[in-house]
Amino acid sequence: MGGSLTERLQALAGRELTAETWAQDAVNQPMIRHWAEAMGDRNPIHLDEDAARAAGRDGVVAPATMLQAWTMRGYAATVAGGPASPAAAELAALLEEGGLTSVVATDSELEFARELRLGDRISVTETVESVSPEKRTALGTGHFVTTVKTYRDQDGEVVGTQRWRLLRFRPERPAAPGTAEQPEPTAGTEAEPAAQAEPAVQPEPAEKPRPLRPRPATNRDNAFWFEACLEHRLLIQRCTACGTLRHPPGPCCGVCRSFDWDTVEASGRGEVYSFVVNHHPRVPAFDYPLVVAVVELAEGTRLIANLVDVEPDRIRIGMPVVLEWIDADPQLSLPAFRPAGTEKN
Amino acid sequence: MASSPTSPLSGAAAIVGIGATEFSKDSGRSELQLACEAVLAALDDAGIGPEEVDGLTTFTMEGNPEIAVARSCGIGELSFFSRVGYGGGAACATVQQAAMAVATGAAQVVVCYRAFNERSGERFGTGMQDRPMASTADRAQYSWFTPFGLLTPAQWVAMFARRYMHRYGATGDDFGRVAVVARKHAANNPAAWFHGRPITLEDHRNSRWIAEPLRLLDCCQETDGGQALVVVSAERARDLRHKPAIVRAAAQGSGEDQQMMTSYYRPDITGIPEMGLVGRQLYAQSGLTPNDVQAAVLYDHFTPLVLPQLEELGFCKPGEAKDFIADGHLELGGRLPSNTHGGQIGEAYLHGVNGIAEGVRLIRGTSYNQPEDVHNVLVTAGTAVPTSALILGAE
Ligand SMILES: [Zn+2]
């Protein structure tokens with residue numbers, strides 16, 4: 001088959017990825033009850049016949065966002081995989097050919113045509129809507145692949161659609177063997193914001209999650225600092241007796257020996273005091289080359305942090321930098337710095 | 001100009017035996033076996049039986065307990081045992097501990113040892129990436145750098161090196177010259193891992209980045225092996241088979257605002273103040289000056305920190321070490337022939353203890369790269385951590 005990879009990918013638009021697939025169970029009260037409980041959805045129209053009628057329905061209706069749940073294949077079948085359609089196989093081959101082995105779900109749009117009632121039988125088909133031209137993103141170079149799932153009832157009427165957009169990309173740098181690239185929220189300048197992807201509906205085999213960054217060893221002397229980081233506040237410990245700022249923090253003031261302290265929030269402005277560019281060894285939790293700097297804050301204390309959005313060979317000692325945040329994982333946010341004047345809005 | 005020693009420690013004890021295993025990348029034996037082989041070899045060199053040993057010293061990041069070494073080597077009762085903290089910075093402190101024990105009568109024969117499989121076993125250079133975390137202050141200090149990916153000794157040292165280059169205009173070549181001299185000396189030392197394999201400055205320039213500004217050839221090796229030293233009183237030393245290496249001075253130092261490998265919060269980070277503190281003590285204890293020192297063994301886990309050692313110890317002024325080295329003063333025939341065994345870059349990385357053994361050989365006159373007229377040798381321990389050093393001298 002001729003044409004560039006982009007042309008061949010874009011030629012898939014309109015092709016059917018998943019042929020009509022029927023839900024294993026009709027819309028039913030037990031599944032709705034479990035869903036509503038798990039989601040904390042207390043709307044009585046999903047659980048109580050009278051309440052539903054009082055609200056103008058003919059009876060209990062399923063939660064709208066449960067649409068995609070009805071046609072899920074279940075855990076075992078998802079893990080085991082199954083035969084792919086010709087278009088799906090073609091897409092997989094093209095992605096592999098282009099080295100577009102990494103994936104991140106960027107967003108999903110749902111439209112609902114009508115509410116589902118007990119006894120409805122639902123089917124789904126999935127087609128390729130579009131493939132973008134090649135895009136360079138902070139994660140890597142690749143294509144946004146948009147697919148549309150169309151949900152129908154037993155009469156063939158459309159009850160809802162789901163537009164699903166994935167970035168399929170070549171990682172910026174090769175990942176260590178056995179690890180998957182995972183986006184770092186602050187790393188993306190061009191990448192569209194990553195929506196909350198629901199792994200159960202992601203049409204990809206589960207990839208091994210990226211190892212987490214090393215955990216800080218927290219205790220009564222330093223936990224406050226890391227907790228504030230989760231709120232994106234960079235704190236500096238201050239002796240309340242003599243006013244001396246200190247970092248790394250400790251229980252006692254080395255200047256006046258007071259055990260009393262509070263904190264001040266750093267302005268977030270500083271300059272590069274020294275820095276290193278790490279190449280080896282490559283630890284899977286990080287991208288390399290990895291820049292780590294000692295930053296001297298405007299307040300006078302120094303701290304170690306990553307520099308982001310700057311080419312290593314443009315970094316200079318004395319370069320002004322401003323605070324940024326890395327949300328490494330739900331338990332760990334860390335300060336980082338970018339060159340002053342390149343702040344994101 | 002030398003004056004009288006001021007410390008009762010100066011001249012009280014001597015190193016009378018040195019012993020090591022081969023230095024390899026895969027010893028094929030347990031770490032305890034390496035320790036026993038080294039201890040017994042050092043005792044054999046001294047001509048002292050294991051049953052006479054009543055003291056053992058080592059330092060942290062050592063996997064072999066003193067009691068296991070004593071039991072395995074048939075040493076019997078111990079009246080003195082000491083394990084100094086902070087890893088490689090404590091290498092020379094083991095001799096200080098031994099000398100103090102001998103000087104006070106706490107022990108008569110003390111063996112200092114280091115043995116490990118740091119290449120074939122748990123690799124040392126990988127740093128903190130997968131070490132378990134706990135909430136002790138000892139572990140909590142790592143919280144300020146490991147989450148950011150600043151994980152390995154090379155990376156920690158690179159931060160100092162960058163600032164030193166910025167302040168004094170030193171270049172990668174200035175670091176490279178340290179490695180070239182070490183490998184030149186190692187090439188002539190049959191015990192060295194890099195025996196017969198010298199490098200050029202061009203090789204250094206072409207070696208890959210590890211942690212900029214450090215290249216591969218700025219880094220020492222990881223070694224499997226063991227090294228031990230035997231310390232007795234200077235008086236007893238006179239009756240033994242080798243020319244004794246008298247402990248003229250032995251000192252430890254921890255600087256103000258000291259951190260483990262990351263003392264980045266001091267007003268200036270281009271010096272090694274803890275080494276300055278050690279140097280002042282060495283000269284005060286012994287009554288010697290830098291001019292009385294003819295050779296040195298300078299801890300070279302990474303080349304950049306050799307430069308400020310020369311400055312802190314008074315061999316040149318701050319910022320001038322690069323010129324001192326470029327002028328060839330670390331080589332045979334230079335002002336201060338250094339790391340004549342090949343250093344840890346060229347011989348082996350026994351966390352400094354093999355360097356102390358080379359200091360003993362320099363006093364004995366048996367180095368494979370022996371300079372002429374060596375009366376006093378200065379030996380340093382690990383830098384960027386609380387550290388220690390010795391001056392060994394001839395009778
Ligand atoms: Zn205070």
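Calculated over the protein assembly as shown, the projected area of the Cα convex hull averaged across directions stands at 40.3 nm².
Using all Cα-Cα distances in segment A:1-141, what percent lands in each 10 angstrom bin from 0 up to the longest? Cα pair-distance distribution for segment A:1-141, in percent: 9, 30, 27, 20, 11, 2, 0.
Once the convex hull of all Cα atoms in segment A:40-108 is built, its volume per residue stands at 168 Å³. Rounded to 0.05, the FRET efficiency of the B:T6 and A:D309 pair, given R0 = 45 Å and the Cβ-Cβ distance, is 0.20. For chain B, DSSP calls about 75 percent of its internal beta bridges antiparallel. Averaging sequence separations of C-alpha pairs under 8 Å and six or more residues apart, then dividing by the length of chain A, give the relative contact order as a whole percent. Computed over chain A, the figure is 13 percent. Starting from the Kirkwood radius over alpha-carbon pairs of segment B:30-81, derive D by Stokes-Einstein at 10 °C in a medium of 1.306 mPa s and give it in µm² s⁻¹. Translational diffusion coefficient: 143 µm²/s.
State which stretch of chain A is the longest one without any exposed trypsin sites (Lys or Arg not before Pro), exposure meaning a DSSP loop state and at most 10 other Cβ atoms within 10 Å. After excluding every exposed loop site, the longest remaining stretch is A:43-219.
Summarising the strand pairing of segment B:242-395, around 75 percent of its internal DSSP beta bridges are antiparallel. Reported to the nearest whole Å, the Cα centre-to-centre distance from segment B:20-52 to segment B:142-156 is 34. Taking all Cα pairs closer than 8 Å and separated by 6 or more residues, the relative contact order of segment A:1-69 comes to 19 percent. Of all lysines in the structure, not one lies under 21 Å Cα to Cα from B:K317 without also being fewer than 8 positions from it along the same chain.
Classify chain B as rounded, prolate or oblate from the Cα gyration tensor: take a ≥ b ≥ c as the square roots of its eigenvalues, call it rounded if a/c is under 1.5, otherwise prolate when a/b beats b/c and oblate if not. Verdict is rounded for chain B. Remark: spin-label model distance B:E202-A:L230 equals 5.8 nm, labels positioned 7 Å along the Cα→Cβ axis. What shape does segment B:1-151 have by the C-alpha gyration tensor, where a ≥ b ≥ c are the square roots of the eigenvalues, rounded means a/c under 1.5, and otherwise prolate means a/b greater than b/c and oblate the rest? It is oblate, given that a/c is not under 1.5 and a/b is not larger than b/c.
Counting only Cβ charges, +1 for Lys and Arg and -1 for Asp and Glu, the dipole size of chain B around its Cα centre is about 460 debye. By a straight-distance test (C-alpha under 30 Å), which lysines pair with B:K25 as possible cross-link partners, with residues fewer than eight away in the same chain excluded? Within reach: B:K184.
Principal axis extents of the C-alpha atoms in segment A:223-339 (largest first, rounded to whole Å): 43, 32, 24. The magnitude of the dipole of segment B:283-368, with charges of +1 and -1 set on the Cβ of Lys/Arg and Asp/Glu and taken from the Cα centre, is near 200 debye.
In segment A:223-339, Cα pairs under 8 Å separated by at least six residues give a relative contact order of 25 percent.
Ellipsoid semi-axes for chain A, based on the Cα gyration tensor and the rule √(5λ), read 47, 29, 16 Å when sorted largest first. Go through B:V110, B:G352, B:A41 and say which Cα lies farthest out towards the positive end of the charge dipole of chain B; charges sit on Cβ, +1 for Lys and Arg, -1 for Asp and Glu. Most positive-ward Cα: B:G352. Footprinting exposure proxy ranking of B:S30, B:S4, B:S338, fewest other C-beta atoms within 10 angstrom first, gives B:S4, B:S30, B:S338. Neighbour counting of Cβ atoms within 10 Å sorts the residues B:M100, B:M61, B:M159, A:M66, fewest neighbours leading, into B:M61, A:M66, B:M100, B:M159.
A full extension of the chain between B:S120 and B:I67 corresponds to an added length of 16.6 nm, given 0.36 nm per residue minus the alpha carbon distance. The label-point distance for A:R117 and A:Y75, in a model that sets each label 7 Å from Cα toward Cβ, rounds to 3.4 nm. Applying 1/(1 + (r/R0)^6) with r as the Cβ-Cβ distance of A:S267 and A:R136 and R0 = 45 angstrom yields a FRET efficiency of 0.85.
Of all DSSP bridge pairs formed entirely within segment A:223-339, close to 95 percent run antiparallel.
Laboratory data are not the source of any read-out in this text; all were calculated from the coordinates shown. Treat the numbers as computed from the prediction; the structure is a model and nothing was measured. Heads up, the Cβs are rebuilt from the backbone with ideal geometry, glycines too, and the neighbour counts pull from every protein chain shown.
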